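Q: For reference, the structure I am asking about is given below.
The values are calculated or read from the model by the stated rules, or taken from the named source; none is laboratory data. Source: prediction; values computed, not measured. Cβ placement follows ideal geometry from the backbone for every residue including glycine, while neighbour counts extend to all protein chains displayed. Surface areas here come from the heavy atoms of the whole protein model, side chains and all, with no ligands, DNA or RNA. Shrake-Rupley method; radii C 1.70, N 1.55, O 1.52, S 1.80 Å.
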Amino acid sequence: MKLSRITLGTAQLTSSYGVANTKVYASSSESPSSLLALACNAGIAAVDTAPSYGDSESAIGRFIAERDAKSLLVCTKLPSATQQGVSLSDIGHYVDENLRNSLARLGRVDYYLLHDSADLFKYGRHLEKALRTIKECGFVDHVGVSVYDTEELDLFERYPLFDAIQFPANIFDHRFLAENIGGFI
């Protein structure tokens, strides 16, 4: 499977998301499945989701199963353990449980990212060990981190386990495009 240059973000797929985004596809005549089909037909080969994006994981999982869309790369995220108040001793269980829930909804996960980079500072090597375990056991192919500020880019190089980094980029936001991320950009 090859990652496309554009990934479809699915935060708005089944719920209202963003300042000006009022359209929710699940409650309109344009179903999540038809939007996903349109994206795939346009050459988009990857979707980004998270448990916090409403019912998008389930909608994507149904689409993959119904269309036998084995070539669609799936990226989802670990909900913030810091915000959930997870204890250090429970971080391994938290990672395992959340991944299993996402796998049940999606069918598979190719990329599993931390949704909150603050988790790395709070849980450190314990979190890294849990991520290494799910990768080595074959539950996911890639692990990484989703970042929102250019200052967080060094996390990618400080954690050799990470082979994926996600950052926002759109027509209005070019902050990351000027950065040299591990020689990739």
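Q: Ranked by accessible surface with a 1.4 Å probe, highest first, in what order do Arg158, Arg132, Arg108, Arg5 come?
A: Working: Arg158 110, Arg132 90, Arg108 55, Arg5 240 Å².
I get Arg5, Arg158, Arg132, Arg108, largest accessible area first.
Q: Would you calculate the separation in nanometres between label points at His174 and Glu157, each defined as 7 Å from the Cα along the Cα-to-beta-carbon direction?
A: Placing both labels 7 Å beyond Cα along the Cβ direction yields 2.3 nm.
Q: Hey, another quick one. So what is the relative contact order of the range 39-127, in percent, for Cα pairs below 8 Å that sit 6 or more residues apart?
A: Taking the mean separation of contacting Cα pairs over the length of the range 39-127, I get 33 percent.
Q: Can I ask one more? Ignoring everything but the protein chains, give the 1.4 Å probe accessible area of Cys75 in square angstrom, nearest 10.
A: 20 Å²
Q: Give me the net charge for the shell around Ala69: Cβ to Cβ below 11 angstrom, other residues only, Lys and Arg +1, Asp and Glu -1. Walk me through the numbers on the way to the answer.
A: On the way: positive: Arg62, Arg67, Lys70, Arg108; negative: Glu66, Asp68.
Surrounding charge for Ala69 is +2.
Q: How far, in nm, would the chain grow between Lys129 and Arg5 when pulled straight, counting 0.36 nm per residue and subtracting the alpha carbon separation?
A: 41.6 nm
Q: First measure r as the distance between the Cβ atoms of Asp149 and Leu88, then evaluate 1/(1 + (r/R0)^6) with R0 = 25 Å and state the FRET efficiency to the nearest 0.05. Spell out each step's value before the answer.
A: On the way: r = 25 Å, r/R0 = 0.99.
For Asp149 and Leu88, the calculated efficiency is 0.50.
Q: With the Cα gyration tensor of the range 92-132 giving a ≥ b ≥ c as the square roots of its eigenvalues, does the rule (a/c under 1.5 for rounded; else a/b larger than b/c for prolate; else oblate) give rounded, prolate or oblate? Mind showing how you got there, number by number?
A: Working: a/c = 2.35, a/b = 1.93, b/c = 1.22.
Verdict is prolate for the range 92-132.
Q: Please work out whether the chain counts as rounded, prolate or oblate from its C-alpha gyration tensor, where a ≥ b ≥ c are the square roots of the eigenvalues and a/c under 1.5 means rounded, while otherwise a/b larger than b/c means prolate and anything else oblate? Before the final figure, lay out the partial values.
A: On the way: a/c = 1.58, a/b = 1.31, b/c = 1.21.
The shape class here is prolate.
Q: Given a 10 angstrom Cα cut-off, can you work out which residue in Phe63, Phe162, Phe172 is the most mobile in a GNM of the chain?
A: Between Phe63, Phe162, Phe172, it is Phe172 that shows the largest mean-square fluctuation.
Q: Just give me a number: lysine pairs in the chain, eight or more positions apart or cross-chain, with C-alpha atoms less than 25 Å apart.
A: Close lysine pairs found across the chain: 9.
Q: OK, next. Quote to one decimal, in nm, the extra length available between His142 and Asp68 on full extension: 0.36 nm per residue of separation minus the C-alpha distance between them.
A: Details: separation 74, 0.36 × 74 = 26.64 nm, distance 2.16 nm.
This chain segment gains 24.5 nm when fully extended.
Q: Rank Ala130, Ala45, Ala65 by mean-square fluctuation in a GNM of the chain with C-alpha springs under 10 angstrom and give only the top-ranked residue.
A: Of Ala130, Ala45, Ala65, the most mobile in the Gaussian network model is Ala65.
Q: Something else now. Between Lys122 and Leu38, what's the calculated FRET efficiency when r is the beta-carbon distance and R0 is 41 Å? Round to 0.05.
A: Details: r = 40 Å, r/R0 = 0.97.
The pair Lys122/Leu38 has a calculated efficiency of 0.55.
Q: Given a cut-off of under 8 Å on Cα pairs at least six residues apart, what relative contact order in percent is computed for the chain?
A: Numbers: 288 pairs, mean separation 28.3, N = 185.
Relative CO of the chain lands at 15 percent.
Q: Counting only protein heavy atoms, what percent of the accessible surface of the range 78-121 is carbon or sulfur at a 1.4 Å probe? Can you show the working numbers first?
A: On the way: 940 of 1950 Å².
Accessible surface attributable to carbon and sulfur in the range 78-121 totals 48 percent.
Q: Within a Cβ distance under 10 Å of Ala81, other residues only, what is the Lys/Arg minus Asp/Glu net charge? Intermediate values should be presented prior to the final figure.
A: On the way: positive: Lys122; negative: Asp90, Asp116, Asp119.
Here the count lands on -2.
Q: Build a GNM of the chain with springs between Cα atoms under 10 Å: which of Ser146, Ser34, Ser52 gets the top mean-square fluctuation?
A: Looking only at Ser146, Ser34, Ser52, the largest GNM fluctuation is found for Ser34.
Q: Which order do Phe156, Phe176, Phe121, Phe167 take by accessible area at a 1.4 Å probe, largest first? Don't skip to the answer; put the middle values down first.
A: On the way: Phe156 25, Phe176 0, Phe121 140, Phe167 50 Å².
Accessible-area ranking of Phe156, Phe176, Phe121, Phe167, largest first: Phe121, Phe167, Phe156, Phe176.
Q: Shifting gears a bit: Using protein chains only and a probe of 1.4 angstrom, how many square angstrom of Arg105 are accessible, to the nearest 10?
A: Roll a 1.4 Å probe over it and Arg105 shows about 90 Å².
Q: Okay, moving on. Suppose accessible area is computed on protein heavy atoms with a 1.4 Å probe; arrange Glu57, Glu97 from highest to lowest. Let's see the in-between values first.
A: Working: Glu57 5, Glu97 85 Å².
The ranking, largest first, comes out as Glu97, Glu57.
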